[in-house]
1. Please determine whether any residue of the range 217-239 is surrounded by 24 or more Cβ atoms within 10 Å (Cβ to Cβ) and among the polar types (S, T, N, Q).
2. On the given criteria, is residue 64 farther than 25 Å from residue 221 by Cα, crowded, with 18+ Cβ neighbours inside 10 Å and hydrophobic (A, V, I, L, M, F, W, C)?
3. For residue 195, which of the numbered conditions (1) buried (at least 19 other Cβ atoms within 10 Å of the Cβ); (2) among the aliphatic types (A, V, I, L, M); (3) over 23 Å from residue 57 (Cβ atoms) fails to hold?
4. Return the residue satisfying two criteria in turn: it lies in the range 1-55 and is of a type in the set (Asp, Glu) and at pLDDT 95 or above, and of such residues it is farthest from residue 188 (Cα to Cα).
5. Which condition breaks for residue 110 when tested against (1) without any contact (Cβ under 8 Å) to a residue 40 or more places away in the chain; (2) within 30 Å of residue 198 (Cα to Cα)?
6. Of everything in the range 104-157 that's under 16 Å from the mean Cα position of the chain (by Cα) and among the hydroxyl-bearing types (Ser, Thr, Tyr), which residue is farthest from residue 253 (Cα to Cα)?
7. Tell me yes or no: at least one residue of the range 60-77 is modelled with pLDDT of 95 or more and over 30 Å from residue 179 (Cα atoms).
Amino acid sequence: MPDHPSESPHPLASPGRKIKGLTLDMGWTLAYPNPSLWETFSRICTEAGRPVTAETCEASVGEMAIAAQRHAVAKLDGRRAFTDSDEEFKQGFRVMAHRVFQEAGIEDEDGSLFKRFFRFFNDFERWIVYPDVGPFLKRAREAGVRVALISNAGTGLAEHLRVLGLDRWLDHATISAAEGIRKPDRRIYERTLEAIGVAPQDALHVGDFYLEDVLGPRQVGLAGVLIDRRPHSLFPNYPQQEHHEDPDLRVIRSLDEISSLI
């Protein structure tokens, strides 16, 4: 693993310390789709005549995703640009779908199966906010903590936040496709902190991916905490913390575990 800029003492390791700013990921941190992506893929494959389980669909992508992340972790140096747009965001899911359908022995030549999947993903009414989120964000705002979102997502996320009622708790939302850059590009964290007027050493970031939500923030001196939302995580059978050796990694299962910081 490459050397990363030294960070300020982690807020979780500083008893009595209070944060002034909080940045959060969106998907599988604040809310999750129901049914899951893998359950949706399973249904699509089954209806296409190739019955497979949700676990099989997850496995067809999980190992590949972990390998790609390890490669990206090794290359992260604080200088590389990571671009994004609605089409780039969509392409990531297109690759995922191709892998699932390929492993199931399904040809999706006209892309109709992927379109069905992506319509589901963007059906905001199917997403569920984790039960700890509303009460936690309410306490954070009442305590005067500045709260922002940093999400690798399409521009439709702004409407998604409104539908889920999350927009009312946010001082700012940075959406990668709208910004033109995505996590772990250091600029996305810098711009968000600047937008809420909080220095990195006075803030904390929480998200569900090691590269984007722990190492990425560290590049700018922002402490990152990994949240493990199993069983309602993106890859419930491939927990992030089991695939990265990092003695400084902090893992929580609920936002309530960091309530003392606000």
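The values are calculated or read from the model by the stated rules, or taken from the named source; none is laboratory data. Since the structure is predicted, the reported quantities are computational estimates derived from the model, not experimental observations. Every residue, glycine as well, gets a Cβ built from its backbone with ideal geometry; the counts of neighbours run over all protein chains shown.
1. No: the range 217-239 contains no residue that is surrounded by 24 or more Cβ atoms within 10 Å (Cβ to Cβ) and among the polar types (S, T, N, Q).
2. Numbers: farther than 25 Å from residue 221 by Cα: yes; crowded, with 18+ Cβ neighbours inside 10 Å: no; hydrophobic (A, V, I, L, M, F, W, C): yes.
Considered against the rule, which asks whether it is farther than 25 Å from residue 221 by Cα, crowded, with 18+ Cβ neighbours inside 10 Å and hydrophobic (A, V, I, L, M, F, W, C), residue 64 comes out as no.
3. Just one mismatch for residue 195, condition (1).
4. Taking the range 1-55 first, the residues of a type in the set (Asp, Glu) are 3, 7, 25, 39, 47, 55.
Checking which are at pLDDT 95 or above leaves us with 25, 39, 47, 55.
Values: 25: 12, 39: 32, 47: 40, 55: 33 Å.
It comes out as 47.
5. The single condition residue 110 does not satisfy is (2).
6. Top of the filtered list is 155.
7. yes
The rows are residues; the columns are (1) outside any loop (DSSP other than H, G, I, E, B); (2) among the aliphatic types (A, V, I, L, M); (3) free of Cβ contacts under 8 Å to residues at least 60 places away in the same chain; (4) not assigned by TED's automatic domain parsing to the domain that holds residue 222.
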position: 23; (1), (2), (3), (4): yes, no, no, no
position: 42; (1), (2), (3), (4): yes, no, yes, yes
position: 45; (1), (2), (3), (4): yes, no, no, yes
position: 49; (1), (2), (3), (4): no, no, yes, yes
position: 55; (1), (2), (3), (4): yes, no, no, yes
position: 66; (1), (2), (3), (4): yes, yes, no, yes
position: 69; (1), (2), (3), (4): yes, no, no, yes
position: 72; (1), (2), (3), (4): yes, yes, no, yes
position: 77; (1), (2), (3), (4): no, no, no, yes
